[in-house]
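Before any comments, here is the structure.
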Amino acid sequence: MPARGCGKARLYRARPQLKGAEFETGDGRRTQLRYKVAMAEPTIHNFHAHIYYDPSEVERARRLAAAAQDRFRVAVGHFHLRPVGPHPRGSCQLTVATAQFGDVAQWLALNRDGLTVFAHANTGDDLDDHTKHVIWFGPSEPLDLTIFS
């Protein structure tokens, strides 16, 4: 169904612009907001993508991290051979700028070479960042969340 006044169909309605306690619907009507203040989401400072590996997979993980660094100029952390922090096995951390994360995520999805990658937002809330703000590439693994309590 075409949106009013535009003459062509749209997949989604025009996004309303917040203006105090009212907003315009895009077709000239005004509607009251249910809340007086717009809901705020946490700010994402950057993302971490942790490459998980077993001792026999370290070289494959090193190649993946080097390829990500060459392609996206991401920071590559230390290659831990044992569990560290909440991570259940050896891992290496890539630090990814927020604006770059979409591109890096797409690349990791296609190029992880069978390795599991645990990615999460960094908002400053460590527990939520490791439980709610996450993406797994490959099978998910249990984290040791006791360090956040």
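The values are calculated or read from the model by the stated rules, or taken from the named source; none is laboratory data. The shown structure was predicted, so the numbers you read here are calculated from the model rather than taken from an experiment. Virtual Cβ from ideal backbone geometry, glycine too; neighbours counted across all protein chains shown.
A few comments on the model shown:
- The range 53-69 residues that are under 13 Å from ASP113 (Cα atoms), paired with ones that are of a type in the set (Lys, Arg) and surrounded by 18 or more Cβ atoms within 10 Å (Cβ to Cβ) (beta carbon under 7 Å, 6 or more apart): LEU64/ARG112
- Here MET39 clears all of (1) surrounded by 14 or more Cβ atoms within 10 Å (Cβ to Cβ); (2) modelled with pLDDT under 95 except the condition numbered (1).
- One residue stands out in the range 101-137 among those that are loosely packed, with under 14 Cβ neighbours inside 10 Å and under 13 Å from the mean Cα position of the chain (by Cα): the one that is nearest to LEU64 (Cα to Cα), namely ALA109.
- Scanning the range 113-127 for residues that are within 17 Å of PHE47 (Cα to Cα) and free of Cβ contacts under 8 Å to residues at least 60 places away in the same chain turns up ASP126, LEU127.
- Whichever residue in the range 83-100 is out of contact with any helix residue (DSSP H, G or I) (no Cβ under 7 Å at 6 or more places or on another chain) and more than 16 Å from ARG60 (Cα to Cα) and, among such residues, is surrounded by the fewest Cβ atoms within 10 Å (Cβ to Cβ): ALA99
- Test: residue in the range 68-77 that is over 19 Å from GLY102 (Cβ atoms) and at pLDDT 95 or above: yes
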